[in-house]
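One structure below.
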Amino acid sequence: MEAPKNESFRDSIATINEEGKRAWVFPKKPSGKFYDYRKYVSYFLLVFLFAAPFVKINGNQFLLFNILERRFNIFGFPFWPQDFHLFVISMIIGVIFITLFTVAFGRIFCGWICPQTIFMEMVFRRIEFWIDGDRGKQLRLKKSKWTSEKIKKRVLKHILFFVISFLIANIFLAYLIGSDKLLEYVKEGPFKHVGTLIPLLIFTGLFYFVFSWFREQVCIIACPYGRLQGVLLDNKSIVVAYDHKRGEGENGRKKWRKDEDRTALGHGDCIDCFQCVHVCPTGIDIRNGTQLECVNCTACIDECDTIMDKVGLPTGLIRYASEVNIEDKEPFKWTARLKGYIIVLIVLIGALFTMLQLRNDIEANILRLPGQRYEHKGETIISNVFTYKLVNKTIEDITNVSFKLKEVEGTIKLVSADKSFIVPAQGLAEGTMFIELDESLLSGDRTKVTVEVYSSDKLIETTTINFLGPRSF
């Protein structure tokens, strides 16, 4: 069934032409109130992004995602493999937080916070405007022959693109391996760490490819969040929207003519100048309604307001609004759906905060040595052999660590170690130990025994083991 004429634009995307080839987007340089706000937000986030790996809280890197060593720091809180459930809850909180804002305010994350948009529009695109000029100059430059001036601009632009991509790749690496290790590699020179240099250059090439060629296609084709918004949005979500009732009037839009009574002629306030299309970084016409390609960057709002000011018409023809607000002037309301997301978010944040408060500084795992049962020593003593592994989650050594049995008279003998030992900062200590109990203390072939871990005289962790003994009849 053929799509209605006014909906035919949904049969294709703006960056693909009728022949199925890439339609390169040459957006006009944006300016205006919202663009200034976005610059402030973007610069703050860029500073945060570049500084976060080098900021430390209590000795822990502020943000770290060391997948190889399975070490993660979020806002200075270290997460070890044993804390994976806490890490998962943190990620779920992040997803629900973004979902909540998408339901309420559309794709605002993409236009204001997403690193792809910030780097593309506030770094690489601004360099392009500086070297190649605005939209008109870029179009003429593309069509012109390869003169020395064109070659000079192309070479300069792509050298800067590659250098910035290399810098971004290094920051990305600092999040993965840690800033201290990155700085150490830099001091020692790249050729001493070829195994790290090769992935670094691969990521540099990837970032260069994305920001110099793939560009808005990331948001349209590759990013799953762009697809997800179609499921999350409803007619009450606040998005960048065109007020079609005001813009079209009874007889549709019409080019501007001075001293013409547009209201009497039945024409809307849209003067069909196409400036909102020219300034769009994804090449869409916002007047067609909410579309997959729209990242809520607000460039069209600023451009339309500028045109409305010039022709003496009210601003806000394109604005942040919901469908029901445009149709029925209904104000924004906290729906039951939004309240549900907020309740879930509060519960998860509360649960995470509680778990973080209850989390111990040391994680103890004591397991029976595989393949070993129990051993008789003397007439009444039963011995079991265990392996222990203690993980220190703090940035300081834990000294004078020892084991004691809780509420049970018995003996603990460490193999190849003194009675006490040290668990290094953000490291682990492991070894083997024998636990000996009198047979009269055992209840059957398996007895639950609690082992306490002390640092000097301070109890820092407890764990439970299964002690094997003879079966009683």
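The values are calculated or read from the model by the stated rules, or taken from the named source; none is laboratory data. Just so it is clear, the structure is predicted and the values come from calculations on it, not from any experiment. Note that we place each Cβ from the backbone using ideal geometry, even for glycine, and neighbour counts take in every protein chain shown. When the accessible area is computed, the model is the full protein with side chains, heavy atoms only, and any ligands, DNA or RNA have been set aside. Shrake-Rupley method; radii C 1.70, N 1.55, O 1.52, S 1.80 Å.
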Report task. Kindly provide the helix-only [θ] at 222 nm of the chain, computed as the sum of -39,500 (n - 2.57) over DSSP H runs of four or more divided by all residues, to the nearest 500 deg cm²/dmol? Result -> -12500 deg cm²/dmol
Report task. List every DSSP H helix in the chain whose Cα atoms extend 15 Å or more along the helix's own long axis and whose mean Kyte-Doolittle hydropathy is at least -1.0. Result -> 33-51, 84-105, 148-177, 194-209, 299-311, 336-358
Query raised in the report: If you roll a 1.4 Å probe over the heavy atoms of the protein chains, what accessible area per residue do you get for the stretch 375-416, in Å²?
Result: 56
Report task. Go ahead and run the numbers for FRET between PHE75 and GLU430, Cβ-Cβ distance against an R0 of 41 Å, rounding to 0.05. Result -> 0.90
Report task. Any chance you could look up the accessible area of SER179 with a 1.4 Å probe, heavy atoms only, rounded to 10 Å²? Result -> 0
Report task. Keeping all protein chains in place, calculate the accessible area per residue for the stretch 1-155 (probe 1.4 angstrom), answer in Å². Result -> 59
Requested in this report: May I ask you to rank ASP134, ASP180 by accessible area, largest first, using a 1.4 Å probe over the protein chains only?
Outcome: ASP180, ASP134
Query raised in the report: What's the Kirkwood radius of the stretch 272-359 in Å, using all Cα pairs?
Result: 16.3
Report task. Can you tell me what the convex hull of the Cα atoms of the chain projects to on average, as an area in nm²? Result -> 35.0
Report task. Please give the per residue accessible area of the stretch 246-314, computed with a probe of 1.4 Å over protein heavy atoms only, in Å². Result -> 45
**Report entry** Neighbourhood charge, 10 Å Cβ-Cβ cut-off, centred on ILE271 and excluding it, Lys, Arg +1 and Asp, Glu -1
**Finding:** +4
Requested in this report: Would you mind checking the stretch 36-52 for residues with the amide N under 15 Å from a putative spin-label position 7 Å along Cα→C-beta of LYS29?
Outcome: 36
Query raised in the report: Structure shown: which of LYS29/LYS236; LYS28/LYS255; LYS377/LYS413 lie over 23 Å apart, alpha-carbon to alpha-carbon?
Result: LYS29/LYS236
Query raised in the report: For the stretch 1-121, what log10 I(q)/I(0) values come out of the Debye formula at q = 0.16 1/Å, with one point per alpha carbon and no solvent?
Result: -1.03
Query raised in the report: Got a number for carbon plus sulfur as a percent of the stretch 43-108's accessible area, 1.4 Å probe?
Result: 80
Report summary line: Between ALA351 and THR464, the two model label points (7 Å from Cα along the beta-carbon direction) sit apart by a distance in nm of 2.2
Query - Share of alpha-carbon pairs per 5 Å distance bin for the stretch 324-456, given as whole % - result: 2, 8, 14, 15, 12, 9, 8, 6, 5, 4, 4, 3, 3, 3, 2, 2, 1, 0
Requested in this report: Could you sort out which of LYS39/LYS310; LYS157/LYS245; LYS21/LYS153; LYS21/LYS258 sit more than 32 Å apart by Cα distance in this structure?
Outcome: LYS157/LYS245; LYS21/LYS258
**Report entry** Nearest-10 value in Å² for the accessible area of ARG22, using the 1.4 Å probe
**Finding:** 60
